[in-house]
Amino acid sequence: MKSYDFALNWSGTLEEDFVKFLKGACAAKKLSFLWISAENVKSIIRKLELQKLKIKTLLDTEASYNKPGDPYARICYAVKDAGGVVVNDPDRAKMAIDKSVIHYELVNAGITVPYTVVVRNWEPNNFRLTEAERQQLGVPFVIKQALGYGQQGVLRDARGTVREIANARKFDRGDNFLLQEKIVPLNLDGRRAWFRVFNAFDTIIPCWWDDQQNRYEHVEYEEFNNLRLYGLAKMVSKIAAITKIVWFSTEIAIDNKTAARRFLAIDYVNDQCDMSTLSETSSGVPDTVVQHTANSIVGAAYRIMNNETLSRRYAIFLKDATIEIRGLGVSPDLLKQARNT
């Protein structure tokens with residue numbers, strides 16, 4: 001049986017920076033690497049299911065668990081069923097990426113989110129908001145699909161008409177969707193207080209995220225302290241504890257609608273982070289963040305290969321410093337998930 005230490009679900013065939021970083025980190029630690037793309041995915045499935053191939057650790061960036069027969073989802077389960085470790089665990093990911101499910105998990109855990117009305121896929125096209133819901137949502141508000149990604153199907157300036165809601169449904173009639181209060185963030189040092197924060201195993205990586213221009217900037221140590229951004233790390237560690245997802249990103253905004261600073265989880269959990277680098281596109285993630293993420297993932301795989309305990313004590317990776325702060329708890333236990341989920 002052929003065996004690989006580390007495999008990557010990545011449908012494209014262009015070797016983007018993230019793929020290069022993963023391959024380089026594997027080579028440095030002498031881990032064998034398998035790239036699963038559109039060109040070989042079917043043959044990989046056959047080999048896995050015939051037990052001619054074993055994958056010890058799989059990083060998934062492609063699986064669509066809501067699409068029957070999705071080949072990358074099939075690979076994730078084949079690896080898990082054979083005793084391998086999948087990042088992220090497929091059963092955890094299926095739950096976490098559904099905004100209509102995780103919304104209530106976050107609310108029940110005390111995480112602040114925008115006021116939201118969940119509309120189920122079986123509700124009629126002439127669905128109407130109650131007057132109380134209209135007042136809570138305000139105008140304009142945001143409409144988004146529960147299983148949407150990459151801003152697809154998102155309407156940012158809804159006024160509450162039946163036609164708008166019906167049109168939002170057309171993006172995927174089988175999906176639930178959310179009507180969500182539109183957040184106007186604070187201005188912090190001349191920037192909108194809007195962030196995308198990454199969680200990579202035991203590391204939290206906060207970035208400024210210009211949601212209007214699609215631009216990233218890694219948060220600096222002085223900004224983190226002076227602008228009192230500890231709430232970003234606290235919220236992400238709580239989301240990780242709730243979802244048991246080890247690699248994800250979330251959007252967090254800060255406003256003062258209630259006369260006090262509010263940290264709000266906007267987009268909940270993105271389990272397949274876009275790792276395009278700033279070197280590749282103006283909307284890309286800072287290269288150092290992508291490199292650090294790749295190293296963290298491969299480092300975890302290496303420890304798994306060598307039966308070592310995974311580090312679970314959180315660190316915060318900033319542009320010019322790495323710090324540890326008490327009160328963040330511990331990162332999810334990936335190995336326990338692989339054994340028991």
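Laboratory data are not the source of any read-out in this text; all were calculated from the coordinates shown. Treat the numbers as computed from the prediction; the structure is a model and nothing was measured. Here the Cβ is made from the backbone with ideal geometry for all residues, glycine too, and neighbour counts use every protein chain on show.
Couple of notes before you dig in:
- Loop GluC sites (Glu not before Pro), region 78-140 (other Cβ atoms within 10 Å of the site Cβ: 11 or fewer; DSSP): none
- Computed [θ] at 222 nm, helices only, for the chain once each DSSP H run of length n ≥ 4 contributes -39500 (n - 2.57): -9500 deg cm²/dmol
- Sequentially through region 27-40, phi angles give Karplus couplings (6.51, -1.76, 1.60; θ = phi - 60°) of 4, 5, 9, 6, 9, 5, 10, 10, 9, 9, 10, 4, 6, 10 Hz, Gly and Pro residues having no value and appearing as x.
- Local electrostatic count at Thr250 - Lys and Arg +1, Asp and Glu -1, tallied over other residues with Cβ under 12 Å: 0
- For region 84-98, 3J(HN,Hα) per residue [Karplus equation, 6.51 cos²θ - 1.76 cosθ + 1.60, θ = phi - 60°, Hz, x = Gly/Pro]: x, 9, 10, 10, 9, 3, x, 5, 5, 5, 4, 6, 5, 7, 8
- Taking other Cβ atoms within 10 Å as a rough exposure proxy, Arg215, Arg92, Arg262, Arg163 sort from fewest to most as Arg163, Arg215, Arg262, Arg92.
- GluC sites (Glu not before Pro) within region 279-341, DSSP loop, no more than 13 other Cβ atoms inside 10 Å: Glu308, Glu324
- Taking all C-alpha pairs of region 195-341, those more than 20 Å from each other amount to 47 percent.
- Amide H contacts under 5 Å for Tyr268: Glu251, restricted to partners 5 or more places along the chain or on a different chain, H placed in the peptide plane at 1.01 Å from N.
- Expressed as a fraction of 2.2 N^0.38 Å, the value expected for a compact globular protein of N residues, the C-alpha radius of gyration of the chain is 1.01.
- Each other residue within a Cβ distance under 9 Å of Arg192 adds +1 if Lys or Arg and -1 if Asp or Glu, for a net charge of -1.
- Proximal charge balance of Val330 [Cβ under 13 Å; K/R count +1, D/E count -1]: +3
- P(r) of region 2-90 over all Cα-Cα pairs, binned every 10 Å from zero, in whole percent: 18, 55, 26, 2
- For Ala315, the amide hydrogen comes within under 5 Å of the amide hydrogens of Thr203, Ile204, counting only partners 5 or more places away or on other chains and with H modelled in the peptide plane.
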